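See below for the structure under consideration.
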Amino acid sequence: MSQVKIIPLGGVRENGKNIYAVEVDDEIFVLDCGLKYPENELLGIDVVIPDFTYLMDNIERVAGIFLTHGHADAIGALPYLVADYDIPVFGSELTITLAKLRVADDRRAKKFNNFHIIDENTAIDFNHATISFFKTTHSIPGSLGIVVKTDVGQIVYTGDFKFDQSAAPLYQTDLARLADIGKEKVLALLSDSANAESPYEHTSEHDICRYIEEAFQYQNGRIIVAAVASNILRIQQVFNAAYQTHRKVVLTGRDLEQIIKTALRLGYLQLPADDLLVPEKRLRELDPSATVILEAGKMGEPIQELQKMATNKHHLTSIQPGDLVFMVTTPTYAMETTVAKTRDMIYRAGGDVKAISDDLHAAGNANKNDLQLMLNLLKPEYLIPVQGEYRLLNAHADIAHELGMPYDHILMTRIGDIINYDHQKLYLAGHVDSGNTMIDGIGVGDIGNIVLRDRKLLSEDGIFIAVVTIDRKHNRLAARPKITSRGFVYMKASRDLMRESADLITKTVQNNLDKQEYDWSHLKQDIREKLNHYLYEQTRRHPVILPIIMEMNNDNKKKNDK
């Protein structure tokens, strides 16, 4: 009998960063390898990826990485794992093509080429398990669920999914295949929880397409469409609506162009007319009533680029009176505040805003009924809710309980939890070191809590720099301390504060110099403590205090005097 473990290394109690390790005896199968975009408190951080320490420590056992779809929450962290390890990567044609683009953009991983294209009919035999796949409906073609078949039962991972009876053939779920999987023992189901709180029925994609066309038809000015670049289905609907209303489409940004060209080449996107797409340089030639600007932003996130348009900082265009900004992708709960601020900025710039989520229940993830249908089709012994914050995982647990699944068969996990199979049951059996690795520029994991704390302090109360020059020969200050402040107070209006701070520093340094023994670290700490106490009394602020101590070289001074 096989030894089976399931370890979520991301994707639970958070939005995005999906990665799940399934261990069967001496083999590890990695399901997805995604990232997430930082929340507001992660100042300056570009993206957040999983902590790969556990996989790196067991790299010789990793049999492969299996990708469900081509969104960043499933493939975004791939370059950081394959940069140093030649692990085979499996996915559908479009998923692998988008993964290759991600890897090619990373200077450390661009030589990696161990990719393998599979489809819903593929089954791969490993030493202790068979990996197979099934089609799912999502906002991008080529979305697949994954089945890990072992001698103790099947472990099924849905990836992002929903059910839509009106979906086009390219996006249809294979219900018959799901029913066949459910005829055999499903030990555990790792199921999408991102939309578990929604009690509403999804609006069909057919109705969404008609809604977008109507919005285009009744707009006289320019239409700036904000979309996620990898939401291929929504982009196709935008192309169709532009064609129906006799408009041309201008693409902004390299990431968006890459994804669209790739989807067109593979046949997953269709241009209704050959001249539908217009280069950026011809934007000014187009009549506003015949213009659609498709904005997806860097890494496929459009919100920041809309803010640049609203504040005249965008490289291509700005929001103009009469423009309609049409948000055709439903934002996550974590982005609601940012989206509200962006709307306000657009209105101030003279534009109007329309969001698909204002009128329709459009989502790429399963609602309550979808989750219950998946459970009824697969009939799992255990449910492991994944892909969502804790309240969403908890909502998914309640949904399963309504169908009669006992709560002790629903495992609410944290990142790094080990779920072990033994004595005919699954249970939590320990923890591995895991968490977040933050990416800032080209730095991977070199930003920790201390750096983030300093950034937070700098953003709140600024910095206070004191430069002190000491004459060690005569045990005195060589000059009055020089003080510089940024983001703390306006120095010209705070001369008394600066003068008294300099007096305090002078006194503190001289007291240390008068002692027979002193060291720089103690002196710096003494300056920090005295200044921190004084500045807080005067301003009720805690700036980052940076003392810089220099010693005067008396030998050089004599040479200069001569």
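Over all Cα atoms in the stretch 169-264, the spread is summed up by Rg and Dmax: 18.1, 57 Å.
For the stretch 193-264, state which chymotrypsin sites (Phe, Trp or Tyr not before Pro) are in a DSSP loop and have at most 10 other beta carbons lying within 10 Å of their beta carbon.
Working: sites: TYR200, TYR211, PHE216, TYR218, PHE239, TYR243; in loops: TYR200, TYR218.
Sites meeting the loop and neighbour criteria: TYR218.
Of the three principal axes defined by the Cα atoms of the stretch 1-80, the extents in descending order read 47, 24, 23 Å. For LEU190, the residues whose modelled amide H falls within less than 5 Å of its own, excluding neighbours fewer than 5 places apart on the same chain, are VAL156, TYR157, THR158, ILE384. Measuring how big the stretch 200-350 is from its alpha-carbon positions, Rg and Dmax come out at 14.6, 44 Å.
From the coordinates of this entry, Cα extents along the principal axes in Å is computed, and it appears in [x] 99, 83, 38; [y] 70, 59, 53; [z] 92, 69, 46 under the label [z]. Under a straight-distance cross-link criterion of Cα-Cα below 21 Å, which lysines are reachable from LYS17, leaving out those fewer than 8 residues away in the same chain? Within the straight-line limit of under 21 Å, LYS17 reaches these lysines: LYS5, LYS36, LYS100, LYS162, LYS298. Ordered from longest to shortest, the equivalent ellipsoid semi-axes for the stretch 80-160 are 24, 17, 10 Å, each the square root of 5 times a Cα gyration tensor eigenvalue.
Within the stretch 139-185, the proportion of C-alpha pairs whose separation exceeds 13 Å stands at 61%. Evaluated at q = 0.20, 0.26 Å⁻¹, the base-10 log of the normalised Debye intensity for the stretch 91-137, with identical point scatterers placed on the Cα atoms, takes the values -0.76, -0.93. For the stretch 273-396, the Kirkwood radius over C-alpha pairs fed into Stokes-Einstein at 37 °C and 0.692 mPa s yields D = 188 µm² per second.
Give me the compactness ratio for the stretch 54-206, meaning the Cα radius of gyration over 2.2 N^0.38 Å. Walk me through the intermediate numbers first.
Values: Rg = 16.3 Å, N = 153, 2.2 N^0.38 = 14.9 Å.
Here the answer is 1.09, to two decimals.
Placing +1 on the Cβ of every Lys and Arg and -1 on the Cβ of every Asp and Glu, with nothing else charged, gives the stretch 1-82 a dipole about its Cα centre of roughly 160 debye.
Counted by Cβ distance under 12 Å from VAL386, the other residues give a net charge of -4, where Lys and Arg count +1 and Asp and Glu count -1. Return the aspartates and glutamates within reach of LYS110: Cα separation strictly under 17 angstrom, same-chain partners fewer than 8 residues apart disregarded; answer none if there are no such residues. List returned: ASP84, ASP86, ASP255. Restricting the stretch 88-135 to trypsin sites (Lys or Arg not before Pro) that sit in a DSSP loop and have at most 12 other Cβ atoms within 10 Å of their own Cβ leaves ARG107, LYS111.
Of all DSSP beta bridges located in the chain, what percent are antiparallel, nearest 5? Taking every DSSP beta bridge within the chain, about 50 percent pair in antiparallel fashion.
Could you give me D for the stretch 4-135, from Stokes-Einstein at 37 °C and 0.692 mPa s, where the hydrodynamic radius is the Kirkwood radius over C-alpha pairs? Units µm² s⁻¹, please.
My calculation gives 218 µm²/s for D.
Can you give me the % of accessible surface on the stretch 164-252 that is carbon or sulfur? Probe 1.4 Å, all protein chains present, nothing else counted. Let's see the in-between values first.
Details: 1760 of 3610 Å².
Within the stretch 164-252, the accessible surface is 49 percent carbon and sulfur.
Assuming R0 = 25 Å, what is the FRET efficiency of THR311 and GLN258, from their Cβ-Cβ distance, to the nearest 0.05? In this case the efficiency is close to 0.40.
Which value, in Å², gives the accessible area per residue of the chain when a 1.4 Å probe is used on the protein heavy atoms?
Values: 25970 Å² over 562 residues.
That works out to 46 Å² per residue.
The values are calculated or read from the model by the stated rules, or taken from the named source; none is laboratory data. Everything numeric here is computed off the predicted structure, so don't read it as measured data. Because the Cβ atoms are built from the backbone with ideal geometry, glycine has one as well, and the counts that use them run over all protein chains shown. What goes into the accessible areas is simple: the full protein's heavy atoms, side chains included, and nothing from ligands, DNA or RNA. Shrake-Rupley method; radii C 1.70, N 1.55, O 1.52, S 1.80 Å.
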